[in-house]
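The values are calculated or read from the model by the stated rules, or taken from the named source; none is laboratory data. Small disclaimer: the values here were computed from a predicted structure and weren't measured. All Cβ positions, glycine included, derive from the backbone under ideal geometry; neighbour counts span all protein chains shown. Just the protein is used for accessible areas: all its heavy atoms, side chains included, with ligands, DNA and RNA removed. Shrake-Rupley method; radii C 1.70, N 1.55, O 1.52, S 1.80 Å.
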Amino acid sequence: MVGAKGYSSYRGRGPRWKILMAFLLVLVIVVAVSVIYLGENIVYSSDGRRQIVLPWQREGENNPPSGDREDQPAEPDVDIVVQPPADEGPKETVAFSLPAQALTQSLWQEALAAKPPEANTVAVRLKTSNGTVYFSAANAVSGAVEMEADTTAALASVMAQEDLRTIASLSCLQDFKAANADVEGRGLKNTGGYIFYDGNNNLWLDPAKPSTREYVCALAGEVAELGFDELLLTDFSYPTVGKINKINYNTDVPLANNLDLLLSELRTALESYDILLSVEIPEAVITEGPDSVAGLDLNRLVSRVDRIYAVTTPEKVETLSNLVSQAAGPDGKTEFVPELAEGGSGLTGSRLILAE
């Protein structure tokens, strides 16, 4: 059908608001993309100001602006291993000795005033070779303890001296009073069944007897309770003078075995205390070798004690120290401490200056 003349088909124009909405949508998308892109390139300067640094602005820069960016690489994981301090063994000892008598406050103050300037340790004689005990020992035999009115207070003053370490010196097996008090249980006897007197008319305890070891360990425990840093045993041997062939050793094993057993029980008695265990031996045992009569063997002692002491002279110290180190071996920590009548000019290392 032909349309009427003068008329044609008319579609009309779309509304303008649709065009405007499309333009706004494109604008929003562009702005959003720009914000995201620029946000990834925002950095903070050292003074806290924000700034935009585009990728092409960073090329060739060795030190790009730094800031708290979320895309900064994480710190690498580092395993930190803390090494415990090496056990260097006992510290160097420069000790001076107090006289073998009951300590008093006045004697202690006099000793402090006269102590060598390099001294860092004091040695206190608490039991002598005749069995006298110079402290309030509950386990001492009857009549063995000799004290002054202020001896306990004086010993407490020694313990309170913060700049000084402390050594308690005890005669171990030469003990007239304890041996005589219990000949059967503790005393070293002769072949006739009586108490043995050595060439100096001294009496000895028999380390093969359990009661002897109990007595020595009990006194050692009381010394540790006082707070001493080190226990030094003197007269730690069998007697070597007099009619030795007349001794009833009360054992079929080497004498050194009995001394080893005593040291083992002492270690057990002292294991709960922070205290070193040391022995004094004759110089000849170090330089000449084992003494089967005394029951002493350096090679056995170095594995059982912390320090070896010997009375000597300054010119022999280096040799003796080297011999003890050799006996202890590369992993041993047993130290040699010379006992000297005087300090020794120019002498270094550990040493104990004997009382006059």
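Here's the yes/no breakdown for (1) at pLDDT below 95; (2) among the polar types (S, T, N, Q); (3) open to solvent by 70 Å² or more (accessible area, probe 1.4 Å); (4) under 22 Å from E335 (Cβ atoms):
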site	(1), (2), (3), (4)
P73	yes, no, yes, no
V81	yes, no, yes, no
P90	yes, no, no, yes
L107	no, no, no, no
S136	no, yes, yes, no
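Kindly indicate whether any position in region 323-337 is out of contact with any helix residue (DSSP H, G or I) (no Cβ under 8 Å at 6 or more places or on another chain), touching a residue at least 12 places away in the same chain (Cβ under 8 Å), farther than 20 Å from R125 by Cα and part of a helix (DSSP H, G or I). The answer is yes; a qualifying residue exists. Out of curiosity, is N130 within 16 Å of L233 (Cα to Cα), in a loop (DSSP other than H, G, I, E, B) and in contact (Cβ under 8 Å) with a residue 12 or more places away in the chain? Against the criterion (within 16 Å of L233 (Cα to Cα), in a loop (DSSP other than H, G, I, E, B) and in contact (Cβ under 8 Å) with a residue 12 or more places away in the chain), N130 qualifies. Pull up region 147-169, narrow it to residues that are open to solvent by 60 Å² or more (accessible area, probe 1.4 Å) and of a type in the set (A, V, I, L, M, F, W, C), then point me to the one that is farthest from Y273 (Cα to Cα). Looking at the filtered set, the residue picked out is A149.
Candidates in region 202-230 are the residues that are in contact (Cβ under 8 Å) with a residue 60 or more places away in the chain and acidic (D, E); of these, the one that is surrounded by the fewest Cβ atoms within 10 Å (Cβ to Cβ) is E222.
Of all residues in region 259-270, those being surrounded by fewer than 21 Cβ atoms within 10 Å (Cβ to Cβ) and either out of contact with any strand residue (DSSP E or B) (no Cβ under 8 Å at 6 or more places or on another chain) or acidic (D, E) (or both) number 6.
Among the residues of region 317-346, those that are open to solvent by 40 Å² or more (accessible area, probe 1.4 Å) and more than 17 Å from L298 (Cα to Cα) comprise A341, E342, S345, G346.
Can A208 be described as in contact with a strand residue (DSSP E or B) (Cβ under 9 Å, 6 or more places away or on another chain) and small (G, A, S)? In short, no.
Summed over region 92-102, residues that are modelled with pLDDT of 90 or more, crowded, with 16+ Cβ neighbours inside 10 Å, in contact with a Lys or Arg (Cβ under 9 Å, 6 or more places away or on another chain) and part of a loop (DSSP other than H, G, I, E, B) total 2. If the condition is being of a type in the set (A, V, I, L, M, F, W, C) and part of a strand (DSSP E or B), then region 190-207 contributes I195, W204, L205. When residues in region 271-291 are screened for being open to solvent by less than 10 Å² (accessible area, probe 1.4 Å), of a type in the set (A, V, I, L, M) and under 21 Å from the mean Cα position of the chain (by Cα), 2 of them pass. Sub-7 Å Cβ pairs linking a first residue in region 174-201 that is of a type in the set (S, T, N, Q) to a second residue that is surrounded by 16 or more Cβ atoms within 10 Å (Cβ to Cβ) and in a loop (DSSP other than H, G, I, E, B), at least 6 apart or interchain, are Q174/S129; Q174/N202; Q174/D235; N180/L203; N190/F196, ordered by first then second residue. Taking the criterion of being assigned to a loop (DSSP other than H, G, I, E, B) and without any contact (Cβ under 8 Å) to a residue 24 or more places away in the chain, the residues of region 273-308 that qualify are E288, G289.
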